[in-house]
Amino acid sequence: MCYEEKNSTSLFGDFYLRCSGPESKEISDALMAMNKVWHYQTALDWQWLVQRSAKMFNPKIDTENMEEMEGIVEGMKTAGENK
């Protein structure tokens with residue numbers, strides 16, 4: 001289940017979102033599907049898109065939203081969804 005957790009020692013700030021339940025599987029499946037569609041439609045590697053997108057968009061994302069996304073990633077890794 002996705003939830004906010006108070007953790008003052010977290011690298012992600014006081015509150016962060018963790019997805020370590022069924023939601024992590026849904027997110028992982030959606031990313032895998034987008035990976036396949038991207039490759040089919042463009043013949044380009046998924047990592048190419050991820051790296052270019054990060055360079056373009058990460059500097060424009062506010063700290064609170066970046067921390068939330070990092071928390072989601074941490075929760076997915078906890079759930080074993082780090083494909």
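The values are calculated or read from the model by the stated rules, or taken from the named source; none is laboratory data. Predicted model only: the values in this text are computed from it and were never measured. Using ideal geometry, Cβ is built from the backbone for each residue, glycine included, and neighbour counts are taken over all protein chains shown.
Data overview
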| read-out | value |
| --- | --- |
| Filtered residue count, segment 33-44, keeping only those that are surrounded by 12 or more Cβ atoms within 10 Å (Cβ to Cβ) and out of contact with any helix residue (DSSP H, G or I) (no Cβ under 7 Å at 6 or more places or on another chain) | 1 |
| PRO22 being at pLDDT below 85 and over 12 Å from the mean Cα position of the chain (by Cα) | yes |
| Residue count for segment 61-83, restricted to those that are among the hydrophobic types (A, V, I, L, M, F, W, C) and either more than 13 Å from ILE27 (Cα to Cα) or exposed (fewer than 13 other Cβ atoms within 10 Å of the Cβ) (or both) | 2 |
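Per-residue answers, yes or no, for (1) at positive phi; (2) of a type outside the set (D, E, K, R); (3) at pLDDT below 65; (4) touching a strand residue (DSSP E or B) at 6+ places or on another chain (Cβ under 6 Å):
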| residue | (1), (2), (3), (4) |
| --- | --- |
| TYR3 | no, yes, yes, no |
| TYR40 | no, yes, no, no |
| ASP45 | no, no, no, no |
| LEU49 | no, yes, no, no |
